[in-house]
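What follows is a single structure, written as structure tokens, with notes after it.
The values are calculated or read from the model by the stated rules, or taken from the named source; none is laboratory data. For clarity, every value in this text was computed on a predicted model and none was experimentally measured. Every residue, glycine as well, gets a Cβ built from its backbone with ideal geometry; the counts of neighbours run over all protein chains shown. The accessibility values were calculated without ligands, DNA or RNA, using every heavy atom of the protein model including side chains. Shrake-Rupley method; radii C 1.70, N 1.55, O 1.52, S 1.80 Å.
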Amino acid sequence: MSNHDYIKFGTSSWAFEGWQGNVYQIKYPPGRFKKDCLREYWQDVRFSTVGMDLFFYNPPGESLLKQYANQFLDDNNFKACSKVWQEITIKRFPNQSQWGKRQGQMNDNFLNAELFNEKILSVHRKAFERQTGPFIFEFQYMRKDDITRQQFINDVDVFLSKLANDFQYSIELRNKNFLCPDYFDVLREHNVAHVFNQWTYMPPISEQLKFDSITADFLLARILTPLGMSYQETVRKFEPYNRIVERQPGMREDVMTLAEIAIKEKKYAYLLINNRIEGCAPDTIKEIQKEMKSRFK
């Protein structure tokens, strides 16, 4: 296996009309693009993984997962990184109308392992097992009066101990103050990866790497937004995601560092790039891969 086989690049999601003529060449019938374009994405040589962000909002149905699995054909090396339903990772429901009577309330299903096993893991096992890569538990920012750092670490420890050990898991934080030795020690104990995320208010990946933060037998990174730039700002700046608008040299160097670690330690690295980091994730990946070929022989 070559050094480059350890590095799995993909995008945070895949169904973007702005990628027509880049990733997508087929003209899909009305209403079929989002349902059918994953196969064309899978055929693109730049990609060896994909982020399934859509499952953050609703748990996956068995029929939908089977449909996606069929688009990968019989490729057992292409693994999808599925976000976990937010019902399991929200501590307090936001004060937004979409949550109805639950807005502003504490969530009884926070870190509910039984719910995860029933609604998510069992469905992936039935319909998507060969294609399932690491699950991503994304935790939005949590207030100190809702949960302290130590409470969160203890709760995560208990939760992870209840999960099946034949799947891979990762945790993504929005609380930079949760980055501490105890947090990384708990992840390491359960062979769970810390998600190296470049996001508006998190420290850069180079800072996250200063901890003993390689905690699993694989690496996972989500490259989301430029540091200090809000989601709304990135949408205004980068839509319709059909070209690179502004390169991020620091981010690219951090991705190179993660790739170098993966190659040195012979661990797979799942590197998920978002359109809202530079403007067009497929082109960002292409340029980083070109640099990697010259740097890592």
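Given (1) open to solvent by less than 80 Å² (accessible area, probe 1.4 Å); (2) over 18 Å from Ser48 (Cβ atoms), where does Phe218 come up short, assuming only one miss?
(2)
Restricting the search to the stretch 164-180, which residues are under 20 Å from Met52 (Cα atoms), open to solvent by 10 Å² or more (accessible area, probe 1.4 Å) and out of contact with any Pro (no Cβ under 9 Å at 6 or more places or on another chain)?
Answer for the stretch 164-180, where residues must be under 20 Å from Met52 (Cα atoms), open to solvent by 10 Å² or more (accessible area, probe 1.4 Å) and out of contact with any Pro (no Cβ under 9 Å at 6 or more places or on another chain): Asp166, Arg174.
Residues of the stretch 211-262 being hydroxyl-bearing (Ser, Thr, Tyr) and in contact (Cβ under 8 Å) with a residue 40 or more places away in the chain, which ones? Break it down into steps so the answer makes sense when it comes.
Step one: filter the stretch 211-262 for residues hydroxyl-bearing (Ser, Thr, Tyr), giving 213, 215, 225, 230-231, 234, 241, 257.
Correct list: Thr225, Tyr231, Thr234, Tyr241, Thr257.
Considering the stretch 1-54 alone, what residues qualify as being open to solvent by less than 50 Å² (accessible area, probe 1.4 Å), of a type in the set (Gly, Ala, Ser) and over 22 Å from Gln289 (Cα atoms)?
None - no residue of the stretch 1-54 is open to solvent by less than 50 Å² (accessible area, probe 1.4 Å), of a type in the set (Gly, Ala, Ser) and over 22 Å from Gln289 (Cα atoms), so the list stays empty.
If Glu265 satisfies all but one of (1) open to solvent by 80 Å² or more (accessible area, probe 1.4 Å); (2) in contact (Cβ under 8 Å) with a residue 60 or more places away in the chain; (3) of a type outside the set (A, V, I, L, M); (4) touching a strand residue (DSSP E or B) at 6+ places or on another chain (Cβ under 9 Å), what's the number of the condition it fails?
It is condition (2) that Glu265 fails.
When both residues are 6+ apart or on different chains and their Cβ atoms are under 9 Å apart, which pairs have a first residue that lies in the stretch 111-126 and is of a type in the set (Phe, Trp, Tyr), and a second that is assigned to a helix (DSSP H, G or I)?
So the pair list comes out as Phe116/Ile88; Phe116/Phe159.
Open to solvent by less than 30 Å² (accessible area, probe 1.4 Å), in contact with a helix residue (DSSP H, G or I) (Cβ under 6 Å, 6 or more places away or on another chain) and free of Cβ contacts under 8 Å to residues at least 40 places away in the same chain: does that describe Leu65? Write out each step before concluding.
Numbers: open to solvent by less than 30 Å² (accessible area, probe 1.4 Å): yes; in contact with a helix residue (DSSP H, G or I) (Cβ under 6 Å, 6 or more places away or on another chain): yes; free of Cβ contacts under 8 Å to residues at least 40 places away in the same chain: no.
No: the conditions fail for Leu65.
Quick one: count up the residues across the stretch 181-199 that are open to solvent by less than 10 Å² (accessible area, probe 1.4 Å) and in a loop (DSSP other than H, G, I, E, B).
Qualifying residue count for the region: 1.
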